[in-house]
Each structure stands twice: as structure tokens, then as C-alpha cells.
Amino acid sequence: MSDHEYTPKSKVGKWFNDRLPLLTLANHLTEYPTPKNLNYWWTFGGILTFCLITQIVTGLVLAMHYIAHADMAFDSVEHIMRDVNYGWLIRYIHANGASMFFLAVYIHIFRSLFYGSYKAPREIIWIIGIIIYLLMMAAAFMGYVLPWGQMSFWGATVITNLFSAIPLVGEGIVTWLWGGYSVDNPTLTRFFTLHYLIPFLILGLVVLHIWALHVPGNNNPVGIDIKKPSKDTVPFHPYIVIKDGFALLMFMIVFAFFVFYTPNILGHADNYIEADPLVTPAHIVPEWYLLPFYAILRSVPDKLLGVVAMLSAILILAALPWLDTSKIRSAVFRPLYKQFYWILVADVLILGYVGAMPAEGLYLLIARIATAYYFLHFLVILPVLGFKEKTLPTPLSITEPILGGSTNLAVAKNKESLNN
Amino acid sequence: MKNFFRVLILSIFFIGFQFNTHAAEKVEYLKTDWSFKGLFGKFDRGSLQRGYQVYTEVCSSCHSMKYLSYRNLAEKGGPEFTELQAKAIAASFEVTDGPNADGDMFTRPGKLSDKFVMPYENVKAAQAANGGAYPPDMSVLVKARGGGVDYIYSLLQGYEDPPVGVTLDDGVYYNKYMYGNKIKMANQLSDDLVEYADGTRATVEQMSKDVTTFLMWAAEPHLESRHRMGFKAIVYLIILTVLVYFSMKRIWSRIETKV
């Protein structure tokens, strides 16, 4: 992984490292040359690692007290909230942690979109990231089912019923998923098992995500390739470690505010009513982080096509490295793309908003327009923009970000060779 | 740094949706000062004890509280009855226990470890006695309703004669805060319905406030320690953040780039 050979100083260290090169790995991670101009949008990778670890640790403790049974799940959650020592704290961290996780992942994804981090040679990092995101959604959805409240039950019913849209085998698949003829105890126990499994799959993919990142190295706000190590880079430790740590602490303050002062604001009140198969809630809404996709699902009148549209909305992201035809990575040097980027951000926020509203009248119309625009952005605007757009001149290195244009080119090249 | 604040603003915007969705269905609820709101919010002990009295004398004939035990009444952060008082309260209830050595169920006075006695044997019995409507368990009721405490507080005072043109079936009442305005629970509170031991005048408003406070505690029994711990945790995080910020500035001063 590392470009230069590393030899531990101590004899024992050398003996160990020859057999298992953990010290080489540790050295690689500390020395890892990182662009020195990374801004705070780049701190969310570290924040996301923190979120994953927090969810796993709190989840393990919750699993020690939770009972995955349709008759006892709701009671066991109340038992955790009342009688388990600091059970309320652990559960509120876990429940709000899911929202914080998604908040961070959306910022992380939109950072990639702005700075073109998904482009060559980082396509594999990006695709692994999309798989992680899909698994996160699955884990979050199944986790929301576990307290066995009204939204758990009816959310599970709505989402699993989507599979019935598949022609011919749909109904059979749904019965197979449920383990019966409706959402019931077998559904709950398998969701619990999968909810326990998926975070460890995510953990494994995170290792691959970081490994794939460390091959080409980080993208940066200027979006140009840089020499590593050089004047443009700093070693990961201590520079990036302390900066990520600072950003993480800021994030934790927001996190703590939710956990301690408004722990239920992101949840739905109906989930404090025990699941009742005979009473359907007035509005069935998913958690906020799934709302944009829920809006896309509901904006298509046909059930099967709605499901296809929703899945495509996520999977289209995996094709992004090839849909975006521009050679320039960073939106800083793409004046037109920059505008379309912010329109896309607004579009997704609007989809999230109408996803929370009843699918009727004006809301439905807005949802349809926003859905159409979402696909238009990826399928038409991005590919065309790469050919039509007049990009701004990019600098040759991070240390000389002002230089550019033909007159300065020779000077800049000269300077760069001097720097190295 | 400037960018980071943009992150924060974006986050708040994102989360703002959730507030919006709740706000959409809301009617203007009656407002009162809740002592348990805010960074240092605590329960008013007197109000909790009076609220318990209203619950036992009025609500508990129909509404269960299955997640509460009599021992909770003496725990810190709750009504904080003395242990003797809580024991006496528990003993005033008949609890079905058993089976004994002969295989028979028997009744005995309640103990601290007993759960609150349920008004009905089962859901069906509760429905049969209430015209088909099941009086919901009140243990987490405050958290199970969109408007929370304000909703419950308003609902208890929201009984009115139906407006012209609205006809009500037998056993259905008009309440301006109820979803759809039709409720199967009759108005339960009237001035001086209970006699408070501490001499507080039992107006409808006072009883509504007390019983709602009690329900809030029942739903969030650890609210006080949550607020206390939250304040300490956030102060600790802020101090640590400031320290880390200056360390970061120091470390990055070796590089020309600003952080």
C-alpha cells in the first residue's frame, strides 16, 4: 500500500512485522499523504465511522435486553426505557444515532457530487459507497420495525408489499419475506436477525471503501491530481486526525442536543402505540431520511413502475461516474454544473418535503415534477453538460491555486518542478 | 470554518421538515407553563403527587398504566412519595396473585413491586364497558400523541356543545381538540371533583395540568436525570471542542494553509 518501505525500529517490532505487517499498516495510516486543502465537508468520512461504531456498540447493549417477539417486543423496549440502567440513554443514542448517521451520509454524498469525487480513478470507492448506503437503508428500515409500534408494523407492511408488484412471483415473494400471510412474529424475528447482521456487512464494506480510497488518495476541493507526498499534502496524523476530531466534536454537540433534549422529535408519535393489525394509522410515513424516495414511489401511478422508479433513483447513482462526461472534477471550475448541482439539492429537499405530505392535489403534482427533474438531471443534463460546458482553467497544484491560463503555464510548471 | 456553519444550517433545514410535518395538522392548543421543559426542566413534585391523585380517583377506573409499578412512586425524579406512603398506596389495592399451593388464585394487598392494578381483565372487557372504544393505556400516552402534553392538557378542557349541524350518536361527545372532534370519553373533570391534600384548589385547569404532568413523568420517568446529564455532557463537549480547536490551530500553524 505504502510507496516507501517501512522497517520497525525495535527488534521485536521487526520480528512481528515480518510475520504480520500490522506496523506497516499503522505506519501507512499515519503517514498517508492527504491534500492539505481539504475543507470541513471532508470530515464527514470520519464522522460516519464514528456513527457506525456508535450504532454497533449501543445496538449490542440493546440486543442484550430486547426481546424479538411480537407479544413482548414493545414491552421489552419500555423495560429498557424504565428499568435497565441508563437504558433510556442507550436507546435514545441508538434511535437518534440512525438519523445522525443519515444526516452525515447525505452530506458525504452531496460533497462527492459537488467535487466530482466519484470520477476516475475513484469509481470503485463510489460504488462501494452506494452499496453501503443501500445497506444502511435496509438496516434502518428493519431497525424501525423492532419496537413493534404502529409505524413499525404498518411501515413494514407497506414496504414489504412493494415486492408484490413483481409480476407472477410477487405475491409468493411477499409471503416468503413475511414467513406467513401477514407481517407477524416470523417477520419480526427475521428482521431482528438481519438488523444484527447488516451493520457488520457495512463495517466490512467500510474497510474496502477506505482501502479503495487509499490507492488513488483523496480527491480535494480543487479536484486536480496531485503528487504525493509533496508540498500539496500533509501526513494524515496529526493534521487530519485533529481536524476530523474537531469536526466530530461539533457534530457530537448537535447529536447530544437531540439525545438529551428532544429525543423523540425525529420519530413518529404513533410508534409509541403498540402494533395493532386491526387499526391502520391515518398517515403512514417513513423516517425522514427515506422521504425523497417515498415521494418518488408515490408519484408514479402504477405500482410496479413506482417501485422501479424508486429503485432506479438510488441505482442511477452507481452509474454516475459514466453519466457525468465532464473531465473536470470540481464544481468550482464548472460554472454551469455548479448551478445545476444546487437545483438538484433543492429538488431532493422538495421531494423529501412532499414525501411527508399526503399524496394528493398540489403535493402530488410537485412530487411528479420533482421526480421527473431528478431523472432529467442524471440522464440528460449531466451527460450533455460534459460536452457543452465551458469550464474555467484549473490550477496546476494546490500550492499555486491562482495560477492558470496559458501565459502562466510555463511559470507554474517551472515552479512545480522546483517545489518537488 | 464558514463552510462548516453552512453544514450546520443545512442540517437544521433538513431536520426542519420533521417539525413542518407535525405542525401541519395542529390546531392551536391551550398553553401553560410546564416546569419540565427547557435545559434544566424538572417536575413539580406537588403537581406530580396531585396528578397521581387525579389519575387514581378519576382516570384509573377506565385507563390502565401497565408499565408502572408502585415502587416508581417513591423513586427519585418522580412524585417522590416516601417509601412508607408508597407502601400504603400499594396496600390500598387488591392484587390477584397465585396460583397458591392448592392451585387457586387469591387476592392480597399490593406491594411496591406490583404493577399498577388494571381496571379491566382484558381489552375485550374494556371495550365492552366503554361502548366499543378501548380506553388507551396511559403509560406512554403523552409520547404517543402528536401534540404531547399540550394536546392532553387541551383535550381535558376541550369539551363543548357541538356546533349547529353536527349530530352526535349516543355515547359520543364533542371535543374541539380531538382528531375529528368526536370522542367516546365523556367530560370527566369538573371543579372540586377531587379534594387535594395540600389545599390547592381543584379547578378543571389545575387538575388537567396536574394529571398531564403526572402522565409526562409516567412516559419519561428519567426526564430529570436526562436533562441533568445532557447539560453536563454538552458543557463537557463544548470545553473539549474549544481545547481541540486551539490544538488544531497550533498544529496547522506549521503549514501555510489555514484551517
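Worth a mention:
- Area buried, chain A against chain B - accessible surface, total, 1.4 angstrom probe, square angstrom: 5500 Å²
- Residue-count net charge about residue B:155 - beta-carbon cut-off 11 Å; Lys, Arg +1, Asp, Glu -1: +1
- Buried on complex formation within the range B:203-252 (loss of at least 50 square angstrom of accessible surface versus the isolated chain, 1.4 Å probe, ligands and nucleic acids ignored): B:222, B:226, B:229, B:234, B:237, B:241, B:244, B:248, B:251, B:252.
- Under 29 Å from the Cα of residue A:14 - lysines, other chains or at least 8 residues apart: A:228
- The protein assembly as shown - mean residue ellipticity at 222 nm from DSSP helices (-39,500 (n - 2.57) per run, n ≥ 4, rounded to 500): -17500 deg cm²/dmol
- Each residue of the range A:332-344 was assigned a 3J(HN,Hα) from its phi angle through the Karplus expression (A = 6.51, B = -1.76, C = 1.60, θ = phi - 60°), giving 4, 9, 10, x, 6, 4, 4, 5, 5, 4, 5, 5, 5 Hz with x at Gly and Pro.
- Sequence-distant residues sharing a close amide H with residue B:95 (under 5 Å, placed H): B:108, B:110
- The angle separating the long axis of helix B:2-23 from the principal Cα axis of greatest extent in chain B is about 20 degrees.
- For peptides A:274-285, B:70-81, sequence by mean Cβ density within 10 Å, most packed first: B:70-81, A:274-285
- Averaged over the residues of A:270-277, the number of partner chain Cβ atoms lying within 10 Å of the residue Cβ comes to 3.
- Interatomic Cα distance distribution for the range A:1-131, bins of 5 angstrom, percent: 2, 8, 12, 12, 12, 11, 12, 11, 10, 6, 3, 1, 0
- One Cα centroid belongs to the range A:166-180, the other to the range A:120-138; the line between them spans 28 Å.
- Note that the protein assembly as shown presents 49 Å² accessible area per residue, ligands and nucleic acids not counted, probe 1.4 Å.
- The distance linking the range A:53-119 with the range A:273-341 is 22 Å (Cα centroid to Cα centroid, whole angstrom).
- Working ranking of peptides A:32-40, A:362-370 by packing, defined as the average number of other Cβ atoms within 10 Å per residue, highest first, is A:32-40, A:362-370.
- Between the range A:29-46 and the range B:197-259, the Cα center-to-center distance that results, in Å: 32 Å
- Heavy-atom accessible surface of the protein assembly as shown: percent carbon and sulfur, 1.4 Å: 65 percent
- Sequence-separation-based contact order of chain A, relative, with Cα cut under 8 Å and 6+ spacing, percent: 21 percent
- Nearest 10 degrees, 0 to 90: helix A:87-115 Cα axis against chain A principal axis: 40 degrees
- Helix A:73-82 and the longest principal axis of the C-alpha atoms of chain A enclose an angle of approximately 70°.
- Inter-chain shielding of A:246-255 (mean C-beta neighbours from other protein chains, 10 Å cut-off): 6
- log10 of Debye I(q)/I(0), alpha-carbon scatterers only, for the protein assembly as shown at 0.08, 0.10, 0.12 Å⁻¹: -0.74, -1.07, -1.39
- Karplus-based coupling profile of the range B:111-123, in residue order and whole Hz: 10, 4, 7, 6, 6, 3, 5, 7, x, 10, 4, 7, 4, with θ = phi - 60° in 6.51 cos²θ - 1.76 cosθ + 1.60 and x standing for Gly or Pro.
- Highest-first arrangement of B:145-154, B:249-258, where packing means the average Cβ count within 10 Å: B:145-154, B:249-258
- Its Cα gyration tensor gives the range A:172-272 an equivalent ellipsoid, and the semi-axes of that ellipsoid, as √(5λ) in whole Å with the largest first, are 41, 24, 11.
- Other protein chain C-beta atoms within 10 Å of residue C-beta, averaged over A:77-90: 3.
The values are calculated or read from the model by the stated rules, or taken from the named source; none is laboratory data. Because the structure is a prediction, the values reported are computed rather than measured. Glycine gets a Cβ as well: all are built from the backbone with ideal geometry, and neighbour counts include every protein chain shown. When the accessible area is computed, the model is the full protein with side chains, heavy atoms only, and any ligands, DNA or RNA have been set aside. Shrake-Rupley method; radii C 1.70, N 1.55, O 1.52, S 1.80 Å.
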